[in-house]
Amino acid sequence: MTPLPSVLLVNDDTTTNFLNQTLLTRLGVANRIYVALNGEQALTRVQTHCATSDPECPALILLDVNMPGMNGIQFLEAYRQLPEAHQQASVVVMLTTSMHPRDVERVQQLHVDGFVNKPLTADKVQELLRTHFPAHVNTAG
């Protein structure tokens, strides 16, 4: 597998971030894994690194819904207001335990690239990569 340049984990739970970062590192998913504890931190990273072909621009954003401050839906609302150049480099996937149907509908209106139920597992990561980054997946047996 060819690693992605970088992945951004957006979650206020430091234990979940540690476990997900450990899993992604073990699987060799990305050259760099960044963590944001809320939507504001994530938005700052995207605004800073995603207008150009900066390798620190996350190819994949795994976004929690419920966080203090700017939550996942508010992040998506702000993210979709950014210039297209900031958005085109990243695939945004909601990583959640469950969502209220109203929230699912709002997230779909904001064109999220997918939903993955927690906990993140190797199989779920592989499926995400096959779906969104087929060129990075080893397709041999």
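The values are calculated or read from the model by the stated rules, or taken from the named source; none is laboratory data. A quick note: this is a predicted structure, and the numbers were derived from the prediction, not measured. Positions of Cβ are backbone-derived with ideal geometry, glycine not excepted, and every protein chain shown enters the neighbour counts.
Here is how the numbers come out for the structure above:
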quantity: Candidate set from segment 23-81 (those that are of a type in the set (Lys, Arg) and either in contact with an Asp or Glu (Cβ under 8 Å, 6 or more places away or on another chain) or surrounded by 20 or more Cβ atoms within 10 Å (Cβ to Cβ) (or both)); member that is farthest from Arg130 (Cα to Cα); calculated: Arg45
quantity: Failed item in (1) in contact with a helix residue (DSSP H, G or I) (Cβ under 6 Å, 6 or more places away or on another chain); (2) over 18 Å from Thr96 (Cβ atoms); (3) at pLDDT 95 or above; (4) not aromatic (Phe, Trp, Tyr), with Ala51 passing the rest; calculated: (3)
quantity: Unmet criterion (only one of (1) of a type outside the set (D, E, K, R); (2) assigned to a helix (DSSP H, G or I); (3) under 19 Å from Asp113 (Cβ atoms)) for Leu23; calculated: (3)
quantity: Any hit, segment 85-99, residues being farther than 22 Å from Leu128 by Cα, surrounded by 15 or more Cβ atoms within 10 Å (Cβ to Cβ) and free of Cβ contacts under 8 Å to residues at least 40 places away in the same chain; calculated: no
quantity: Segment 69-81 residues that are β-branched (Val, Ile, Thr), paired with ones that are modelled with pLDDT under 95 and surrounded by fewer than 18 Cβ atoms within 10 Å (Cβ to Cβ) (beta carbon under 8 Å, 6 or more apart); calculated: Ile73/Asp103; Ile73/Arg106; Ile73/Leu110
quantity: So Gly114, is it surrounded by 19 or more Cβ atoms within 10 Å (Cβ to Cβ), modelled with pLDDT of 90 or more and not polar (S, T, N, Q); calculated: no
